[in-house]
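The values are calculated or read from the model by the stated rules, or taken from the named source; none is laboratory data. As the structure is a prediction and not an experimental result, all values here were calculated from the model. To get the accessible areas, we keep the full protein, side chains included, count just its heavy atoms, and leave off ligands, DNA and RNA. Shrake-Rupley method; radii C 1.70, N 1.55, O 1.52, S 1.80 Å.
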Amino acid sequence: MSLRRLGFLSAALLTAATLTACSAEPVEADDPKPSPTGTTPSGAHGGAPDKGGLALAEAIRKIPVAEEQRTGYERDSFKHWVDEDDDGCPTRQEVLLAEAVTAPEQGDRCTLSGGSWLSYYDEVKVTDAKKLDIDHMVPLAEAWDSGAHNWTPERREAYANDLGSERSLVAVTAKTNRSKAAKDPAAWMPPAESATCTYLVDWTATKLRWNLSADETEQAALLELAEPCANSIVEYQPAS
């Protein structure tokens, strides 16, 4: 079983005690995404969370600021949906299994049937896995712009299949994933207001985990958007 799936099982036991909404809206107890104010570490490789967690604004300011570089980007530079642990389930299926609100049946070659999921970007319940995309929290093109252009192919593959942190990949409706495309939070945010603080925490934690930079426009947008999320805490573990 992947570290990501183990992390989700552990997080589920603590959800009711740790969830604190960033708005007046209550958060569903079975929402598979971690609370922005929770204290459960991500389960990623690399030791304890940096400093035991940072306030969101402080964490945003810790992201290195640098100009973006898109030159040379190709999606194929990031080999993704591999079966890292040779259990027959590629990364896409691993995420779907980990984030299911109602567990699907698992058939040959890790085909999934039944089950249900909650797309936290738009608060839509989905009962057909084929209608879900697996979103890279920080899109591959954005990662390339922000430092991955200097990585080895092996590190880019590790990034594209990061099951070591539940913040890195998320099952969401195809509509919201394709609306987001390769945009950063200066250009796109989830349509559900309840998703704002969680999304900003997830984005920031992923950038810090992989030591990715932000340009000045992105940093300014993150800080402005984070103003209502004063109680949100970012925990991450640097990727090995």
Residues of the range 102-166: accessible area per residue at 1.4 Å, in Å²? 44
Ratio to report: Rg/Rh of the range 85-240, with Cα atoms as the point set and Rh obtained by the Kirkwood method; give two decimals. 0.97
Using the alpha-carbon centroid of each, what span in Å lies between the range 111-140 and the range 195-226? 22
Going through Lys130/Lys207; Lys79/Lys131; Lys130/Lys183; Lys180/Lys207; Lys125/Lys207 one by one, the pairs whose alpha carbons sit over 25 Å apart turn out to be Lys130/Lys207; Lys125/Lys207
